[in-house]
1. How many residues does segment 107-121 contain that are in a strand (DSSP E or B), surrounded by fewer than 11 Cβ atoms within 10 Å (Cβ to Cβ) and among the hydrophobic types (A, V, I, L, M, F, W, C)?
2. Quick one: P222 ticks every box in (1) surrounded by 23 or more Cβ atoms within 10 Å (Cβ to Cβ); (2) part of a loop (DSSP other than H, G, I, E, B) bar one, so which box is it?
3. Which residues, taken from segment 39-62, are of a type in the set (A, V, I, L, M) and either surrounded by 14 or more Cβ atoms within 10 Å (Cβ to Cβ) or in contact (Cβ under 8 Å) with a residue 24 or more places away in the chain (or both)?
4. For segment 150-162, which residues satisfy the criterion of being surrounded by 17 or more Cβ atoms within 10 Å (Cβ to Cβ) and either over 21 Å from the mean Cα position of the chain (by Cα) or β-branched (V, I, T) (or both)?
5. Here are V15, V59: which of them is aliphatic (A, V, I, L, M), at pLDDT 85 or above and in contact with a strand residue (DSSP E or B) (Cβ under 9 Å, 6 or more places away or on another chain)?
6. I'm checking my understanding of the structure. Among residues of segment 196-239 that are polar (S, T, N, Q) and either touching a Lys or Arg at 6+ places or on another chain (Cβ under 7 Å) or more than 16 Å from K287 (Cα to Cα) (or both), which one is modelled with the lowest pLDDT?
7. Please enumerate the residues belonging to segment 122-149 that are assigned to a loop (DSSP other than H, G, I, E, B) and surrounded by 21 or more Cβ atoms within 10 Å (Cβ to Cβ).
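The values are calculated or read from the model by the stated rules, or taken from the named source; none is laboratory data. As the structure is a computational prediction, the values presented were derived from the model and not from experiment. Using ideal geometry, Cβ is built from the backbone for each residue, glycine included, and neighbour counts are taken over all protein chains shown.
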Amino acid sequence: MTLDPFMVMLLDVLVKAIVIVVALLGAYAYMTLAERYVMARVQVRIGPNRVGRVGPIAVLQPVADAVKTIFKEDFCPANADKIVYTLAPGLAVAIALLAWAVIPLSPPLTIAGYTIHFYIADVGIAALYLLAVGSLGVYAIVLGGWSSNNKYSLLGGLRSAAQMISYEVSLGLALVGVLMISGSLSLVDIVEKQSPIWNVVWQPVGFVLYCICAVAETNRVPFDLPEAETELVAGYSTEYGSLKFALFYMAEYINIVTVSAIAATMFLGGYQGPFGLLPGAHWLLLKIAVFIFIFMWMRATLPRFRYDQLMRFGWKVLLPLGLANVFATAVVMVLLGR
């Protein structure tokens, strides 16, 4: 029996999407546990050591947290926009997951004459797709803050809008140099062209710019102004509890994995090993893990910026630096005749 090619393609996409979603949800659960251990180690204190303990690690702590969250009271403020208030956390998670449609995870594998590609789609404008999807994340936070009918939540949402839009400009400029060197917007092409020399060698300034802007885009320390507890109670998530709060939290951690994967793909060769050795998904996962550890390390170490410092740094330092990097890249490419 010959299968319909369209059905085969649809099944292929569906299976890959399910695997990626399940993997990211699992990563979210155990990233919360890993972060507690990293912060405890950095701050010289005891981390989780009771729930489902295996050796020194409380492996069932995320399960206990999930059960606790599910059974917490689910409420909605009396004067909130109930529809938007309910949809905003789900929108945040959906947007966080969408970027993974174009990220290549491993080289293609041929089995019994059938080639398996480890990405959902290889589109010619994948880099633009990532920037577009990333810019949608601000809507979930702004809508969540506005619909809560709470002044602290609204201020957190407005801060997020200003911060994310400001740093998205510099983040996009950080990637422009890579796109100019690669001559393609396809992430698959960009990864393949980094064998054996990664783009970070040619774009060190762009790499540093991207890393700084990625931290700001995920609202993490020292850029966690939208949920500054000392000023805004909890910012845009002040009026959220139970599963709705967990969904916002989930979106934040999935975004950390996403920006780490994009950094590894754009600048560090993706699934390519050092000097082109033994390419595979293990290299990509290792690079993502290193970036995630750095996120956790910064949270346990750095203080928060003031809001005026945040905006000044974005517009007066990062933006001119990003423009200068693009200009310098263009000049070098012209001189080299590329």
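1. Matching residues across segment 107-121 total 1.
2. All conditions are met except number (1).
3. M39, A40, V42, V51, I57, A58, V59, L60
4. Hits for segment 150-162 are N150, Y152, S153, L154, L155.
5. After applying the criteria, what remains is V59.
6. Once the filter is applied, the top-ranked residue is T230.
7. Result: S148, single match.
Yes/no per residue for (1) surrounded by fewer than 21 Cβ atoms within 10 Å (Cβ to Cβ); (2) at positive phi; (3) out of contact with any strand residue (DSSP E or B) (no Cβ under 7 Å at 6 or more places or on another chain):
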| residue | (1), (2), (3) |
| --- | --- |
| A251 | no, no, yes |
| I254 | no, no, yes |
| T258 | no, no, yes |
| G276 | yes, yes, yes |
| I294 | yes, no, yes |
| P320 | yes, no, yes |
| A324 | yes, no, yes |
| A328 | yes, no, yes |
| V334 | yes, no, yes |
